[in-house]
Amino acid sequence: MKTFRFFSAFSLLSLFNLAFAQSVPGVTDTEVKIGVHLSLSGPASFVGQGAKVGIALAQAEINAKGGINGRKLVFNFVDDRGSPDGGVTAARKLVDEENTFVVLGSGTSSSTVPVLPYFERNGVPYYVSLASDPQVMGKFRRNVYSGATSTQIVWGTSMAKFVNDNFKPKRVAMMQCDQAHCISGVPLVKGMLQTGGAEVSVFTYNSGDTDFTGQVQQIKSFNPDVVFIYGLAADGGRILPQVRRAGINAIIVGDPALGDPSVARVAGSAAENFYTFWSGGTQFIDDKSGPMGQWLNALDKFSIERPANTPNTYSTMLYADVYVIAEAIRLAGKNLTRDAFMTNLDTKINGFVAGKTPEWNFASPVGFPRTFSPTDHLGNRSLQALISVGGVFKPVK
Amino acid sequence: MNLLFGGLALGAVYALLAIGVVLIFRASGVVNFAQGELMMVSAYVYVFVSQHFSTPLLQLGVALSAGLLGGLLCYCVAHILLPTGSKIAQVIGTLAILILLQASARYLFTDVPLRAEVWIFGDRNVDLFGNSLPINSIMILGITLISTVAIFYWQGLTLYGRAVRAVAEDEWRAALCGIHVKSTLAVSWAVGGMLAGLAGILISPLIGVFPTMGDSILLPALIGAVMGGFSSILGGLIGGLALGLIQTYATVFFGGSMKEVITFLIFIAVMLWRPTGLFTVQRSRKV
């Protein structure tokens, strides 16, 4: 009798454990938990702070409509400080401790690239929104996707073509910072510019440097037609005035990281006719008309907390990517699993823009369309050239 | 010539911070690690005042006042709130102020730089020695030299300045002579803070205003102060100017990414040659 009771209890416990083990991490009947690592502190904190605003708006809009298939979206944010070890710590916390369903990588390349092997090993869906280092998409990984930003190879090709076609430069001075996207991007763009017939010289600096007298004087001696700046928005705001103050009248072009309203604001008149790029859509963030105007109004409508100097370009990028994730979750229905989520991304996300489909018609249709396939997880290859006129970035037609 | 003036302008800002740190150290034996943050706070104040008032003297006065108040805050933490017997505790107190001010600025303004207008002369160039030089660079250098002369005059030729030097040499004997030690110390911290405020007004149009601007200026300033001799005001000036030139020319000859490496190599070489700094003589005494 005692033996029978023992085995009955043991069987019940085993069944209970089995049921528990088969439940999907981060998914309950009422919510889906999405982990986010982003730079809320450090030199790239404006990236993370802006990203959080976009995520918060998408979450508010979706949850206001009852969530997805009856499940509300819950976001767990972990600060990765924009550093490699911060990224690893954040990713482990989100997966191992907080059991999130999918991890949304909203950090810089510096904090994203080191965690790729970890996600490759554990198979948890990892949706990278902002990191542009070629290593993100260099190796195909079943569970890793790239949303808003493309890779330096794709971007570099677009940017070099833009410069070569529009300015036909004979001499290009490139300024390269020590950030991961600069180290990977500059050699690529340099090669393409050289292929276009330009002589290219690279001048290095450390992100966060405040004085560029040495580099600027070297550039002045080089006498370029185009100055191409690879760095962060804060760097651009400092470099532009120093270049112009030195009497350099060359065309100045910046990589997409410099496509931020703060560059024009800090640089003032030095930013006039400054070219840059952004991957957030055909309409830049400071254009208050159309879909972008609708998006900006939504921030007020949902009382989204906005730190100083937000929303920024990263806000719209993450907003669009949250809806991509939401769509893949919606298509899985009630039986939401990680495999179903990834299968939906691979097969059902084709030219998707929230706000242009019946299910998400309440969203603002900002951002370039996202398209994935089972063999290509690079969701966005588009890049819009911008020019600063009167302190405002406008699309270059 | 542009390189020379650019390097000297950068070095002049380092020198202003270095002289402030040296002043405070000479008076109280405490290295004020919050000196860069006092510069940052003054820079933010300058930005906001210049957005609403166009009077240069008012802009200068308010920013200097912010530096002065910041210096007094540091004095209160180091000498009133913390046990005066422990220099380490006082130094850590200044580090706490550094973290507090930086974190507060980051919370209020994020890391996105704010734009600051050039004080008085605007963003113009002037022809000098056959070269077109930014007038701001010349102004920074000129103001630093004038400030240094003013500090020398104050400490060398005025009664209160001599009192400050007396307290710096020996607090106990100075007190015996009737010098009010606490207020003298407070004045040293306040003047150090004002120098940081002046640095904030001068450097902010060049680099923008952001929460961590103090870090990027204070470390080179400290190196300049050490190189020049940590107890010498002239050493702080020369050390700061030299460091600005070293950084600028190191960028040209070795690249921006090697700037810090070259700077520290030269610093180590100077320290090996003159361990007490370029302008401090090692004292010996008869035993």
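Yes or no: B:L195 more than 14 Å from chain A (Cβ to nearest Cβ), under 22 Å from B:M139 (Cβ atoms), in a helix (DSSP H, G or I) and under 13 Å from the mean Cα position of the chain (by Cα)? Spell out the reasoning first.
Values: more than 14 Å from chain A (Cβ to nearest Cβ): yes; under 22 Å from B:M139 (Cβ atoms): yes; in a helix (DSSP H, G or I): yes; under 13 Å from the mean Cα position of the chain (by Cα): yes.
Considered against the rule, which asks whether it is more than 14 Å from chain A (Cβ to nearest Cβ), under 22 Å from B:M139 (Cβ atoms), in a helix (DSSP H, G or I) and under 13 Å from the mean Cα position of the chain (by Cα), B:L195 comes out as yes.
Does region A:191-207 hold any residues that are surrounded by fewer than 22 Cβ atoms within 10 Å (Cβ to Cβ), in a loop (DSSP other than H, G, I, E, B) and touching a helix residue (DSSP H, G or I) at 6+ places or on another chain (Cβ under 7 Å), and which are they?
A:G196, A:N206, A:S207
Tell me, which residue of region A:191-218 that is hydrophobic (A, V, I, L, M, F, W, C) and over 27 Å from B:L114 (Cβ atoms) is farthest from the other protein chains (Cβ to nearest Cβ)?
Initial filter on region A:191-218 (hydrophobic (A, V, I, L, M, F, W, C)): A:192-193, A:198, A:200, A:202-203, A:212, A:216.
Still in the list and also over 27 Å from B:L114 (Cβ atoms): A:192-193, A:198, A:200, A:202.
Details: A:M192: 23, A:L193: 20, A:A198: 21, A:V200: 15, A:V202: 9 Å.
This residue is A:M192.
Among the residues of region A:27-53, write down those that are out of contact with any Asp or Glu (no Cβ under 8 Å at 6 or more places or on another chain) and more than 14 Å from chain B (Cβ to nearest Cβ).
A:V27, A:T28, A:D29, A:T30, A:E31, A:V32, A:I34, A:V36
List, please: which pairs have Cβ atoms under 9 Å, are six or more places apart or on different chains, and start with a residue in region B:137-163 that is closer than 16 Å to B:G192 by Cα and end with one that is of a type in the set (D, E, K, R)?
Going by the 9 Å Cβ cut-off, the qualifying pairs are B:Q155/B:R162; B:Q155/B:R165.
Here are the criteria: (1) out of contact with any helix residue (DSSP H, G or I) (no Cβ under 7 Å at 6 or more places or on another chain); (2) within 22 Å of B:T110 (Cβ to Cβ); (3) among the β-branched types (V, I, T). Tell me which single one B:V49 does not satisfy.
(1)
Return the residues of region A:172-185 that are at pLDDT 95 or above and under 12 Å from A:M159 (Cβ atoms); say none if nothing qualifies.
Selection gives A:V172, A:M174.
Say we look at region A:213-258 and pick out the residues that are at pLDDT 90 or above and assigned to a loop (DSSP other than H, G, I, E, B); which of these is surrounded by the most Cβ atoms within 10 Å (Cβ to Cβ)?
Looking at the filtered set, the residue picked out is A:D255.
Working only within region A:237-255, note down all residues that are touching a residue at least 40 places away in the same chain (Cβ under 8 Å) and within 11 Å of chain B (Cβ to nearest Cβ). Steps first, answer last, please.
Let us first name the residues in region A:237-255 that are touching a residue at least 40 places away in the same chain (Cβ under 8 Å), namely A:239, A:250-251, A:253, A:255.
Across region A:237-255, the qualifying residue is only A:I239.
Of all residues in region B:223-262, how many are on the phi > 0 side of the Ramachandran plot and away from chain A (no Cβ under 14 Å)? Let's see the steps before the verdict.
At the first step, the residues of region B:223-262 found to be on the phi > 0 side of the Ramachandran plot are B:229, B:255.
Narrowing further to those that are away from chain A (no Cβ under 14 Å): B:229.
Qualifying residue count for the region: 1.
Matching residues to (1) more than 18 Å from B:G228 (Cβ to Cβ); (2) at pLDDT below 90; (3) of a type outside the set (D, E, K, R); (4) under 19 Å from the mean Cα position of the chain (by Cα):
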{"position": "B:S257", "(1), (2), (3), (4)": "yes, yes, yes, no"}
{"position": "B:T263", "(1), (2), (3), (4)": "no, yes, yes, yes"}
{"position": "B:A269", "(1), (2), (3), (4)": "no, yes, yes, no"}
{"position": "B:R274", "(1), (2), (3), (4)": "no, yes, no, no"}
{"position": "B:F279", "(1), (2), (3), (4)": "no, yes, yes, yes"}
{"position": "B:S284", "(1), (2), (3), (4)": "yes, yes, yes, no"}
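State all residues of region B:79-107 that are farther than 17 Å from B:M39 by Cα and either within 14 Å of chain A (Cβ to nearest Cβ) or in a helix (DSSP H, G or I) (or both); if no residue qualifies, say none.
Kept after step one, since they are farther than 17 Å from B:M39 by Cα, are these residues of region B:79-107: B:79-93, B:107.
Correct list: B:H79, B:I80, B:L81, B:K87, B:I88, B:A89, B:Q90, B:V91, B:I92, B:G93, B:Y107.
Every residue, every condition in (1) within 20 Å of the chain's Cα centre (by Cα); (2) at pLDDT 90 or above; (3) surrounded by fewer than 21 Cβ atoms within 10 Å (Cβ to Cβ); (4) not in a loop (DSSP other than H, G, I, E, B), yes or no:
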position	(1), (2), (3), (4)
A:V266	no, no, no, yes
A:G280	yes, no, no, no
A:D286	yes, no, yes, no
A:N297	no, yes, yes, yes
A:D300	no, yes, yes, yes
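Just one of A:G82, A:G54 is within 24 Å of A:W278 (Cα to Cα) and not in a loop (DSSP other than H, G, I, E, B); which is it? If you could, list the steps in order and put the result at the bottom.
On the way: A:G82 fails: not in a loop (DSSP other than H, G, I, E, B).
Matching residue, one of A:G82, A:G54: A:G54.
Output the residue which, of all residues in region A:170-190 that are away from chain B (no Cβ under 14 Å) and under 20 Å from A:Q217 (Cα atoms), is surrounded by the most Cβ atoms within 10 Å (Cβ to Cβ).
The residue in question is A:V172.
Within region A:78-111, track down each residue that is touching a residue at least 40 places away in the same chain (Cβ under 8 Å) and among the hydroxyl-bearing types (S, T, Y).
A:S83, A:T100, A:S106, A:T108, A:S109, A:S110, A:S111
The values are calculated or read from the model by the stated rules, or taken from the named source; none is laboratory data. These numbers were taken from a predicted model, which means no experiment stands behind them. Don't worry about glycine lacking a Cβ; one is built from the backbone with ideal geometry, like all the others, and counts go over all protein chains shown.
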